[in-house]
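Notes for the one structure printed next.
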Ligand code: GLC
């Protein structure tokens with residue numbers, strides 16, 4: 001109980017120290033700008049002790065929104081030399097400058113949760129009215145520019161869009177990308193902040209940057225990239241997060257009388273079928289899909305459980321997922337490793353290839369709780385709190401030893417601690 005109080009104070013201090021006047025950086029040095037899905041989790045953290053500040057996170061995030069509705073994955077509010085690739089490399093001529101790709105669209109869901117939690121209802125309702133049309137424009141962009149054939153699955157153009165940059169799920173699709181022989185030279189900055197054994201390999205980085213140049217040359221023309229992009233996948237992280245976000249957008253539309261229920265319900269029907277089409281009966285898991293080959297990507301990753309969070313899975317499939325997770329739990333001390341620990345690609349210390357991420361845990365646990373598996377949901381919550389208590393608010397954690405990995409004093413990990421220790425009514429540790 002005492003540890004917990006101290007940690008709550010510490011988590012608040014991390015958000016305050018990472019606050020840059022209305023937006024929160026993930027961590028100093030390694031990630032010194034505002035990231036899209038980090039902003040959602042971070043806002044939820046702020047919500048536990050400063051509601052006005054929590055809503056400000058979204059005001060600043062949407063300063064980066066493009067006229068076509070796209071919400072970029074990074075908003076470069078002010079220059080910072082410690083990060084690469086920064087605004088010069090992206091070459092997007094906007095104020096504030098931004099990247100040109102997106103990330104898991106968590107915002108609508110977090111806005112709903114924040115409205116439901118708000119003590120200051122007048123402020124919350126005013127913010128919902130301001131944010132709703134912007135979120136709708138963002139979701140319409142997804143439909144229009146990333147699923148124009150109405151397949152129910154969004155096309156993802158860059159591993160960075162999935163939030164899980166170097167997941168083994170992208171290995172083959174990324175290996176197919178020919179490194180641009182004329183790739184402008186660059187110096188990685190990430191490996192000056194973090195031990196390289198915990199970061200993506202150089203071969204992956206060259207391809208991440210090659211994709212950036214390809215998209216720049218196409219002037220970020222989405223419909224053209226859907227035809228020609230050298231990397232095209234369906235990502236469970238994006239599709240499941242978007243499905244739930246649309247569900248929550250529909251709820252907001254109904255509640256405030258915005259009148260878009262019919263349009264959103266159409267998207268939901270398509271994405272429910274799209275996501276359920278990713279189920280693999282033999283594996284008892286959902287798999288991402290390579291859209292260039294049309295083939296499932298047969299590697300279990302933490303996102304494989306997210307159809308529970310989306311709410312699209314049948315009770316039978318939820319039961320299979322539960323069994324699959326029990327199998328993973330026998331291999332590691334802490335849930336949920338980002339890659340199936342029995343996979344030959346599992347690397348327990350390397351970024352999205354094995355470590356535990358608090359934010360993904362939050363989504364998975366919620367899914368299990370909603371499908372009637374409170375015990376596993378509670379186990380995931382306890383594991384996450386324990387990791388923070390033992391090793392601090394790291395970016396990610398070793399699933400066997402619990403070692404904190406990547407950046408330290410990390411905003412979204414602190415935010416999850418705040419949100420989850422509140423749920424425990426003070427009895428979390
Ligand atoms: C890394 C993560 C991504 C996150 C960003 C900022 O790129 O892979 O998911 O949003 O860092 O924390």
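Derivation of every value follows stated rules applied to the coordinates shown; laboratory data play no part. Please read these numbers as outputs of a predicted model, since none were measured by experiment. A quick note on method: Cβ atoms are made from the backbone with ideal geometry, for glycine too, and the neighbour counts reach across all protein chains shown.
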Put in order of increasing Cβ neighbours within 10 Å, starting from the fewest, 256, 62, 110, 410 give 256, 62, 110, 410
Could you give the spread of the C-alpha atoms of segment 10-105 along their three principal axes, from largest to smallest, in whole angstroms? 37, 29, 21
Label points 7 Å out from Cα along the Cβ direction at residue 280 and residue 78: separation in nm? 4.7 nm
Over the Cα atoms of segment 284-429 the radius of gyration and the largest Cα-Cα distance (Dmax), both in Å, equal 14.9, 50
Mind checking Rg over Rh on segment 215-263, alpha carbons, Kirkwood formula for Rh? 1.19
Computed on alpha carbon atoms, what radius of gyration and Dmax characterise segment 340-384, expressed in Å? 11.9, 32
Can you order the peptides 66-76, 111-121 by their average number of other Cβ atoms within 10 Å per residue, highest first? 66-76, 111-121
Whole-Å distance linking the alpha carbon centroid of segment 1-72 with that of segment 81-145 is 12 Å
Please sort 189-197, 12-20 by packing, taking for each peptide the average over its residues of neighbouring beta carbons within 10 angstrom, highest first. 12-20, 189-197
With all pairs of different alpha carbon atoms counted, what Kirkwood hydrodynamic radius in Å does segment 2-421 show? 21.4 Å
May I ask you to sort 267, 141, 170 by Cβ crowding, counting other Cβ atoms within 10 Å and putting the fewest first? 141, 267, 170
Taking all pairs of different Cα atoms in segment 238-367, averaging 1/r and flipping that mean, what Kirkwood radius in angstroms comes out? 15.7 Å
Packing-wise, with mean Cβ within 10 Å as the measure, how do 175-181, 333-339 rank, highest first? 333-339, 175-181
Mean projection of the alpha-carbon convex hull of segment 194-314 over all orientations, in nm²? 10.7 nm²
Where the Cα atoms of segment 79-235 are projected onto their three principal axes, how long is each span, largest first, in whole Å? 55, 40, 32
